[in-house]
Structures are given as C-alpha cells and as structure tokens.
Amino acid sequence: MNLKETLYKVVNSKTVQGILTANIFAFLVIGIQSSLMPKDPGILVFSEFVIIPMLMGIITAWFWKDTRIRGKQITGHSVVNCLIAISMSFFFLGEGFICLLIVSPLIFSFIIAGAFIGRAMFKKRNQKLNISIVSLLLGVFIVDSLSDHYHENMVSDEILIHATPAEVWQHVVAFDPIYQKENYWLFKIGMPSPMATTVSEHKLGANRKCIFSNGYIFDEKIVKFDINKNLIFDIVDQPKDPEIMGHIDIKRGEFILKDNGNGTTTLVGNSWYNLHVFPTWYYDLWAESITRNVHFRVMKHIKLLSER
Amino acid sequence: MFSFVVKKAGFLKDIPLVAIIFDSLMRFWMFVTKPELLDWIDELEEDMAQMPETTIGIHKYGGTQFNYKGKEFAHVHSNGLLDILLNKELKQSLIFEGKIKDHHVFKNSGWISFQLHNKQDVGYGCYLLNKAYDRAKQQ
C-alpha cells in the first residue's frame, strides 16, 4: 500500500473523521466567540471547558455510530481526541504546559462523557431528542458566553513564628533569596515560585518587587506601612506568563503581624485575586492551592530568617 | 477511592451530569492504569446486548446501564463495580457463596454489588446479569 492509499484510508476512517471534525468545530466556535467578544480577552468561560468538550465527544459519537466500536475503543479514541485538542491549545492558543495540565482533567472527563452520551443518544435514533440536547448545549454556551463573568477571592494563611513582631517585620517588607527546596508539586514541575523580595525604601508608597524563580517580577506599591503590625501592597504590574496569560490577576497582598505577648508572633498572609477562568468551582481550587503554597513558601522563609 | 467519593460527595450525585463526569474521569483513569478492565466491561455489555429486549444506556449515576424493556436491572460503573437487582432470597444465597456484597449504597434492598477484579470474574458477572435478566423477564 503506497502513501497515497494509506492517507486516503486514514482520512476516510470514521475514527479520524470524528476526531478531526470535533477539533475543527471546537476551534471554530472558540475563534468565533473570541472575535465576537473582544472586550473580555483572557476570560475563558465554563462553556469552553464543559460544553465544547462535551459537544466534541457527541460529534465523535455521531461519526462512530455505525461502526462496531467497543467502550474501550471509544475511551481510547476520546483520549486521542483530548490530546489533539490540548496540543492545539498549546500551539495555536499559546496556553502554557502547566495551564493545560490543570485544565486536562476537565477536558478528558467531558470529552469521554460526551462520547458515551452521544453513543446512547444515537443508539436511540430519536432525532428530535438528539437535536434538543445539542440545541440545549449550544443555548447554554451562547447564554454563558454573553453573561458577565467576575470572580474575586481572598486566600488567608497564618504561621506561628518564635520571634517578636519587630524581628519578623525586618523580613516582611523585603527578604533575602529563598534557597529552600520546592516542596509543592506544581513548583517542582516548573510553575514559578517566589524567590526574593526587594523594596526601594522602607516607607509608605515605596516600590516593592517580588521576584519569581524564572526571573518574573511582580511590581508592587506599598499602600499601608504600619511598622511591626501591618503591610499592604497593591500589585501594579505582573508578567504576561503563558501559564497565567491573564487567567488570574493578583490584586493585593497583606501581612499582618499579631503580637502574642510571649515573644512569638502570628504572621498572617492574605492575597486577593481575580479569576478569569470559569467554572470557578474547579479553577478556584487550583488558584487557592497555588496561592496558599506561595504564601507558605514566603512565610516559612520569613519564619526561618526571623528565628535565626 | 470510589467508596470514599461516594461516601463524602455522594450528595452531589443528583446534580445533573456530576456522577457521569466522575465516572468518565474514572474510566479515563482505568484506561491508563488498568485497560483490561474496560475489556471486561465490554464483554459484559456484549453478552447482555444479545439478550432479547435488552437495551444498554448510560446510568444516571455514571456507568453503563442494562435495561429489560426499558427498565433497569443492572449497571456497571467504570471502575468495574457491577450493581445488579436481584430479589432478597437470591441475594442471601449468593452472599452465602461469598462472592458478592450488599449494594454499596442501598444495603437493605435486592441490589447487590460485585467487583470485577480479574478476567475470571467476567464469567461470574455474566452469570449474575443473566439471573437479574431472568428475574426482570419474569416480572
């Protein structure tokens, strides 16, 4: 069999047709949606992670409906479908590796679910029902795309430090580089972690810089400078990292030093962020976990420096 | 893991699609870690598909559902947990054999659970499904 014949066979295979059509559909829909709604760049609504993958699964099921395909094969082909969609997001949408790793459980589960829902739908051969389901999904997609999306959250953590507030304060405003090993799995696989903080002056209005492991710098401005008690800084500029890409904006950070009256201090770290990826029930779990680990990496370092 | 999720997050199962999505995630996990299990589930499905008046669909709490004349008599979750509707007498005698357990949620019912661990379990799974099919046919 020559190359031409092989290619012809591949293109005519229902498996390949289903996967290709599903991916073309997904990218067309996302492309149309982005061009119609340029006011919200970076915002990815829940439909893009839920409805589109499910429709992709249903599309493949339509192509596979007359083939004698087993459940395991449907799963395997759906996994390939997901991998292609994820790779295309990496190459064409510029999403980062970790970002795609985070989104992949949603994509895998909804594409597989869509393929099995599609199989059940097309077995019944009830065209009215099938059209109703697909129309409902598209309807939800349109309504969701046109709705306003805003989500802000605050994450708070605290740590006990065996040092007075005055000793802790010296390492809160700015601190020397962190040399401790990463122990959070996302940091270990390449997500940037905080490394050091510098400050232009120790006073209100001073510029603060938070430097991350890959060299990225968050520019901050001190908006509250209550010595030995409270430091608040607003993030005025943050890097356009492919892993973040405007999906999350860190707005503000705060350190509260509570004097326990026995030579120890409770250090509280607060961060506020806006999330631009939805559904929040999924992404907020990740955002909270990452923020919490950023907090603890910094706060454990402050503890180490203060207790020295 | 499955029992932990059912116990701790079982209240979410009535939200449309949640259980189906969880089952799909479990199916993906099985595809990666124990792909032969999906073959065993397919074998059960193929065995049941041959029975007259049987249809196969999606179970509302995730998995593959087996119906006789549109009425459910069994379902299998994607981790290989086969739930079958028998009557209490038959259930007692099978439990005595030691291979099956009470249903993982509805303990005091005619439902039973049987976990597929290996290829040999497929035969027993088919045997149980046939019992449930016969029971459904008689009713």
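The values are calculated or read from the model by the stated rules, or taken from the named source; none is laboratory data. Everything quoted here is computed from the prediction, not taken from an experiment. With ideal geometry, Cβ positions are generated from the backbone for all residues, glycine too; neighbour counts draw on all protein chains shown.
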* Structure fact -> Filtering the stretch A:82-102 for residues that are away from every other protein chain (no Cβ under 12 Å), within 26 Å of A:PHE63 (Cα to Cα) and not aromatic (Phe, Trp, Tyr) leaves a count of 6
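For the stretch A:55-81, give me the residue count where each residue is among the hydroxyl-bearing types (Ser, Thr, Tyr) and either within 18 Å of A:PRO279 (Cα to Cα) or at the interface with another protein chain (Cβ under 10 Å from one of its Cβ atoms) (or both). Before you say what the answer is, go through the steps one by one.
Taking the stretch A:55-81 first, the residues among the hydroxyl-bearing types (Ser, Thr, Tyr) are A:60, A:67, A:75, A:78.
The next check asks that each one be either within 18 Å of A:PRO279 (Cα to Cα) or at the interface with another protein chain (Cβ under 10 Å from one of its Cβ atoms) (or both); those that pass are A:75, A:78.
The total comes to 2.
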* To do: Could you please let me know if A:PHE255 is of a type in the set (Phe, Trp, Tyr), free of Cβ contacts under 8 Å to residues at least 60 places away in the same chain and not in a helix (DSSP H, G or I)?
  => no
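Of the residues A:GLU220, A:GLU307, only one is buried (at least 16 other Cβ atoms within 10 Å of the Cβ) and acidic (Asp, Glu); which?
Working: A:GLU307 fails: buried (at least 16 other Cβ atoms within 10 Å of the Cβ).
Residue meeting the stated conditions: A:GLU220.
Consider the stretch A:121-140. How many of its residues are among the charged types (D, E, K, R), surrounded by fewer than 11 Cβ atoms within 10 Å (Cβ to Cβ) and in a helix (DSSP H, G or I)?
In the first step, residues of the stretch A:121-140 are kept if they are among the charged types (D, E, K, R); the result is A:123-125, A:128.
Now drop any that are not surrounded by fewer than 11 Cβ atoms within 10 Å (Cβ to Cβ), which leaves A:125, A:128.
In the following step, the residues that additionally are in a helix (DSSP H, G or I) were identified as A:128.
So the count comes out to 1.
Pick out, from the stretch B:11-120, the strands (runs of 3 or more DSSP E) lying fully within it that include 3 or more residues that are facing chain A (nearest Cβ under 10 Å), free of Cβ contacts under 8 Å to residues at least 12 places away in the same chain and farther than 28 Å from A:VAL79 by Cβ.
Details: elements: B:54-58, B:64-68, B:71-76, B:81-85, B:111-115.
Correct list: empty, since no element meets the threshold.
Would you check which residues across the stretch A:141-164 are surrounded by 15 or more Cβ atoms within 10 Å (Cβ to Cβ) and over 18 Å from the mean Cα position of the chain (by Cα) and list them?
Kept after step one, since they are surrounded by 15 or more Cβ atoms within 10 Å (Cβ to Cβ), are these residues of the stretch A:141-164: A:141, A:144-145, A:149, A:151, A:153, A:155, A:157, A:159, A:161, A:163-164.
Passing the criteria: A:PHE141, A:ASP144, A:SER145, A:ASP157, A:ILE159, A:ILE161, A:ALA163, A:THR164.
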* Asked: Identify, please: which residue in the stretch A:155-191 is in a strand (DSSP E or B) and modelled with pLDDT of 95 or more and is, among those, farthest from A:ASN262 (Cα to Cα)?
  -> A:VAL155
